[in-house]
Amino acid sequence: MKLRNTVRKPRLSKRRRAVELGKDVLILLLICSAVSLVGRSQIYTVAGDKVWFSSLSSFFAGKESEVSPSLDPGRPASLPHPVRIAVCGQGGESVSRYGIQYDTVQAEQVFGALSGFLSEGLASARDAQTVSALDWQQALKTPGLYFDFLGSVPMELMVRWASEGGDVEILPGSARRLVLTAEEGAETATLYYMDDQQGLYYACNTSVVCEGYLNNTLLEYGDNGARFAFEREEESYRTLAPEVLLLPDAPAAQRYQVTQTLELSDEAVRAELERTLGFRGSDYSIGDAWVLRDGDGLRLSENGDIFYEDGEALSTARYPVGQGSVSLSEAVEAGRNLFYKALEAWCGTTANEAQIYLKEILEQPEGGWEIRFGYTLGGADVSLEDGEAASFTVREDRITSYEMHLRCYTATGEETLVLPETQAIAALSALDLEAGADLSLCYRDDGNSAQASWMAG
């Protein structure tokens, strides 16, 4: 026979039940008060408070919390993609070279096939030695691979990104242009790079095997007439920098429209962008701009210009970077991640034809760095009336200020007629150019559209 459970919980007195109910009500009021304070506060850091608030909301909803992306990079970044590539299959006086520039689709395809050689060359680079300008020019016309990243990237970052977190030898200087050469009779390739900022040239040993590996790939590319300026005999080319890459055909330059994607006069739309940038609270208008202040300051303009300044009264970093001592790689990734997030919020569902690139990094006298980014369209630099596409100042453990000019570019389907490079040089030769001028296609953004033209300087 099954026995019944005759043990019963003791019944609480009416007084006791009233006390317990009062405790429950008090706890609920405290929780609601805390949630209200978080919602009203503007100290809403992208990496911190958002996670806490999301977790609390998920707790009451009975579901697992979702952690928002952090400015603190959790994995090494990959190598930047070059805007120009040249493959030299035969060197010497009878050069055979295949070159690409101002064609993003083709450059991406070719870089996909060649990036492994560059990554291995950078990750294995050792014993960097300074070489002469003549050695650099000789490397340019030696069988090998040439890459131009448009911006000046510290070699410390290049080797770390190429190794994906592995052990590397930190190389000196910064570089925009690199060449991986397969010199005659050499077992392994040599990596050359040019430090534009210091005016120095370097050569490094690598583990990239030439025979049966790199050499075989070089022979797969024919000659499309790509030449460097120093290889041309005409007098008009003497004013150009030796490493300016020239192609015989005129580039196909698209025309782009600057698309206004957000109506910041709409309070709800503006609040969503402010939340993306880590702010919550009420703003106020000054002319065609809106400002939020709470120990620091954010300023938004109708045209997509955004300015931020950290404040001494802000005890908690709104944009924390790294853990403890911040590395240059962490600082760059923090700025780039925030720039990407802001662009995604600004463009919404509209496809943006622009790509961003690391333009330069300036060390600050008081410590930290100013990190600058630019836009490219079709592999060509974009010139804005207001300066750089974005710049971030990182000091100690946080982003202390930034300036972003958010743009969404849409192709109109029309082309801008531009001269072939050889004719553009002839036209520019009448100008009083300084020796070492860099000829490049550039898009000028006037706030409404972006059109291509040649620039030399």
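Is the shape of segment 335-457 rounded, prolate or oblate, going by the alpha carbon gyration tensor and its root eigenvalues a ≥ b ≥ c, with a/c under 1.5 for rounded and a/b larger than b/c for prolate?
Because a/c hits 1.5 or more and a/b fails to exceed b/c, segment 335-457 counts as oblate.
If 211, 388 are ordered by their accessible area, calculated over protein heavy atoms with a 1.4 Å probe, which sequence runs from highest to lowest?
Descending order: 211, 388.
How fast does segment 166-226 diffuse by Stokes-Einstein, in µm²/s, taking the Kirkwood radius from C-alpha pairs at 4 °C and 1.567 mPa s?
Translational diffusion coefficient: 97 µm²/s.
Give me the one-decimal Kirkwood hydrodynamic radius in Å for segment 332-393, with the sum taken over alpha-carbon pairs.
For segment 332-393, inverting the mean 1/r across all distinct Cα pairs yields 12.6 Å.
Rolling a 1.4 angstrom probe over the protein heavy atoms, how many square angstrom per residue are accessible across segment 310-457?
Here the residues of segment 310-457 average 44 Å² of exposed surface.
With a probe of 1.4 Å, find how much accessible area segment 209-258 has per residue, and write the answer as a whole number in Å².
Value returned for segment 209-258: 51 Å² of accessible area per residue.
Could you give the dipole magnitude of segment 177-291 about its Cα centre, charging the beta-carbon of Lys and Arg +1 and that of Asp and Glu -1, in debye to the nearest 20?
About 300 debye.
How big is the accessible area of residue 120 in square angstrom, nearest 10, if you roll a 1.4 angstrom probe over the protein chains?
Accessible area of residue 120: about 60 Å².
Can you give the alpha-carbon Rg of segment 183-260 over 2.2 N^0.38 Å, where N counts its residues?
For segment 183-260, the normalised Cα radius of gyration is 1.56.
Could you sort 167, 446, 381 by accessible area so the largest value comes first, with the probe set to 1.4 Å?
Largest accessible area first, the list is 167, 446, 381.
Compute the distribution of all C-alpha to C-alpha distances in segment 108-248, in bins of 10 Å from 0, and list the percent of pairs in each, rounded to whole numbers.
Final binned percentages: 11, 42, 36, 9, 1.
Using Stokes-Einstein with the Kirkwood hydrodynamic radius over Cα pairs, what translational diffusion coefficient do you get for segment 226-337 at 4 °C and a viscosity of 1.567 mPa s, in µm²/s rounded to a whole number?
Roughly 69 µm²/s, to the nearest whole number.
Which value results for Rg/Rh of segment 276-367 when Rg is the Cα radius of gyration and Rh the Kirkwood radius based on the inverse mean 1/r?
Reported Rg/Rh, Kirkwood definition of Rh: 0.98.
Keeping all protein chains in the complex and leaving out DNA, RNA and ligands, what accessible area do you get for residue 419 with a 1.4 Å probe, in Å² to the nearest 10?
Its accessible surface works out to 80 Å², give or take rounding.
Which residues' amide hydrogens lie under 5 Å from the amide hydrogen of residue 359, considering only partners 5 or more residues apart or on another chain, with H built in the peptide plane?
Amide H to amide H, under 5 Å and 5 or more residues apart or across chains, residue 359 pairs with 372, 373, 374.
Kindly report the accessible area of segment 66-207 per residue (heavy atoms of protein chains, probe 1.4 Å, no ligands, DNA or RNA), in Å².
41 Å²
Place a +1 charge on the Cβ of each Lys and Arg in segment 162-214 and a -1 charge on the Cβ of each Asp and Glu, then give the dipole magnitude about the Cα centre in debye, rounded to the nearest 20.
240 debye
Once the whole set of protein chains is in place, how much accessible area is left on residue 158, using a 1.4 Å probe, in Å² to the nearest 10?
0 Å²
Could you tell me the center-to-center distance, by alpha carbons, between segment 409-444 and segment 204-244 in angstrom?
Here the two parts' Cα centres lie 22 Å apart.
In debye, nearest 20, what is the charge dipole magnitude of segment 121-240 about its Cα centre with +1 on Lys and Arg Cβ and -1 on Asp and Glu Cβ, if you could check?
Taking the Cα centre of segment 121-240 as origin, the dipole is about 280 debye.
Would you mind calculating the gained length between residue 217 and residue 323 on full extension (0.36 nm times residue separation, minus the Cα-Cα distance), in nm to one decimal?
33.9 nm
³J(HN,Hα) across segment 150-157 via Karplus (A = 6.51, B = -1.76, C = 1.60, θ = phi - 60°), whole Hz, x for Gly/Pro?
6, x, 8, 9, x, 5, 4, 6
Per the Kirkwood definition applied to all pairs of different Cα atoms, how many angstroms is the hydrodynamic radius of segment 100-184?
Every distinct Cα pair counted, the radius reaches 13.9 Å.
Just by accessible area at a 1.4 angstrom probe, what is the order of 270, 372, 444 from largest to smallest?
The ordering from most to least exposed comes out as 444, 372, 270.
At a 1.4 Å probe, what is the % contribution of carbon and sulfur to the accessible area of segment 233-391?
C and S fraction of accessible area: 43 percent.
Normalized C-alpha radius of gyration of segment 165-305, against 2.2 N^0.38 Å?
Dividing the Cα Rg of segment 165-305 by 2.2 N^0.38 Å gives 1.78.
May I have the extent of the alpha carbons of segment 385-457 along their three principal axes, as whole Å values ordered from largest to smallest?
Sorted from largest, the Cα extents of segment 385-457 read 50, 36, 15 Å.
The values are calculated or read from the model by the stated rules, or taken from the named source; none is laboratory data. Please read these numbers as outputs of a predicted model, since none were measured by experiment. All Cβ positions, glycine included, derive from the backbone under ideal geometry; neighbour counts span all protein chains shown. Heads up: the accessible areas ignore ligands, DNA and RNA and are worked out on the full protein's heavy atoms, side chains in. Shrake-Rupley method; radii C 1.70, N 1.55, O 1.52, S 1.80 Å.
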